[in-house]
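Undergrad: Encoded as structure tokens, here's the structure I'll be asking about.
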Amino acid sequence: MYHGDDSIDLPILGYAEIDDDHQLIWRVWQQVLGVADDGVVGALRRVVEVLAQHFMAEEALMKATGFPGADCHRAEHDRVLAVLERVIQATVAGNGPLGRYVLVREVPTWFARHVTGMDRLTVLWLRGRATATDHTLTAAA
Ligand SMILES: [Fe+2]
Ligand SMILES: [Fe+2]
């Protein structure tokens with residue numbers, strides 16, 4: 001059985017709160033991706049759970065700092081959660097191969113792409129804000 005894609009490398013973005021969540025999600029996914037067929041729905045639900053928690057944290061950071069791409073980033077989060085929910089329903093309805101395929105192949109591929117794209121952009125913004133704030137504080141001191 002296929003147990004993941006070793007070629008996928010999850011980048012570290014340089015913002016601990018976000019990076020720690022990403023590593024947690026990656027570990028959860030690695031723990032559940034080899035489940036038996038009757039565990040695929042539960043595995044997908046566990047992945048959705050940790051993703052949804054992380055998305056809320058990221059969205060709060062974007063809102064607090066006025067990230068201009070927040071709507072686009074949030075839409076990507078919402079879209080993947082909606083897709084995963086439909087996949088769970090299809091798996092529950094009997095399409096086990098679809099659930100397995102999404103769990104093993106699509107989740108890590110999507111996640112790595114999202115981290116490399118929207119999350120990286122967001123972290124650049126967050127780090128820039130921190131630098132600007134530090135500069136302001138330094139200048140005011
Ligand atoms: Fe993220
Ligand atoms: Fe994100």
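The values are calculated or read from the model by the stated rules, or taken from the named source; none is laboratory data. Fair warning: this is a prediction, and the values are worked out from it, not measured in the lab. Note that each Cβ is placed from the backbone with ideal geometry, even for glycine, and that neighbours are counted across all protein chains shown.
Undergrad: Go through (1) in a helix (DSSP H, G or I); (2) more than 18 Å from Ile12 (Cα to Cα); (3) among the aromatic types (Phe, Trp, Tyr) for Phe67 and report which single condition fails.
TA: For Phe67, the exception is condition (1).
Undergrad: Can you tell me which residue in the range 1-26 is nearest to ligand 1 (Cβ to nearest atom), limited to those that are at pLDDT 95 or above and charged (D, E, K, R)?
TA: Asp21
Undergrad: Further, regarding this structure: With respect to the numbered conditions (1) part of a helix (DSSP H, G or I); (2) surrounded by fewer than 17 Cβ atoms within 10 Å (Cβ to Cβ), which one is the sole condition not fulfilled by Val48?
TA: Here Val48 meets the rest and fails (2).
Undergrad: Could you list, in sequence order, the residues of the range 58-71 that are surrounded by fewer than 12 Cβ atoms within 10 Å (Cβ to Cβ) and within 14 Å of ligand 2 (Cβ to nearest atom)? Steps first, please.
TA: As a first pass, look at the range 58-71 and keep what is surrounded by fewer than 12 Cβ atoms within 10 Å (Cβ to Cβ): 60, 63-64, 66, 68, 71.
Once the filter is applied, which keeps residues that are surrounded by fewer than 12 Cβ atoms within 10 Å (Cβ to Cβ) and within 14 Å of ligand 2 (Cβ to nearest atom), the range 58-71 yields Ala60, Lys63, Asp71.
Undergrad: Continuing with this model, one more query. If you check Arg86, Arg127, Arg46, Arg100, which single one turns out to be away from ligand 1 (no atom under 16 Å from the Cβ) and in contact (Cβ under 8 Å) with a residue 60 or more places away in the chain? Break it down into steps so the answer makes sense when it comes.
TA: Values: Arg86 fails: in contact (Cβ under 8 Å) with a residue 60 or more places away in the chain; Arg127 fails: away from ligand 1 (no atom under 16 Å from the Cβ); Arg46 fails: in contact (Cβ under 8 Å) with a residue 60 or more places away in the chain.
It is Arg100.
Undergrad: Report every pair of residues separated by at least 6 positions or lying on different chains whose Cβ atoms are under 8 Å apart, first residue within the range 11-25 and free of Cβ contacts under 8 Å to residues at least 24 places away in the same chain, second within 14 Å of ligand 2 (Cβ to nearest atom).
TA: Within 8 Å, the pairs are Ile12/Asp19; Asp19/Leu13; Gln23/Leu10.
Undergrad: Conditions first: (1) more than 15 Å from ligand 1 (Cβ to nearest atom); (2) more than 26 Å from Thr91 (Cβ to Cβ); (3) surrounded by 17 or more Cβ atoms within 10 Å (Cβ to Cβ). Leu33 passes all but one, so which condition is the exception?
TA: Failing condition for Leu33: (2).
Undergrad: Just one of (1) outside any loop (DSSP other than H, G, I, E, B); (2) among the small types (Gly, Ala, Ser); (3) touching a residue at least 24 places away in the same chain (Cβ under 8 Å); (4) under 30 Å from Arg127 (Cβ atoms) trips up Ala60, so point out which.
TA: The number of the failed condition is (3).
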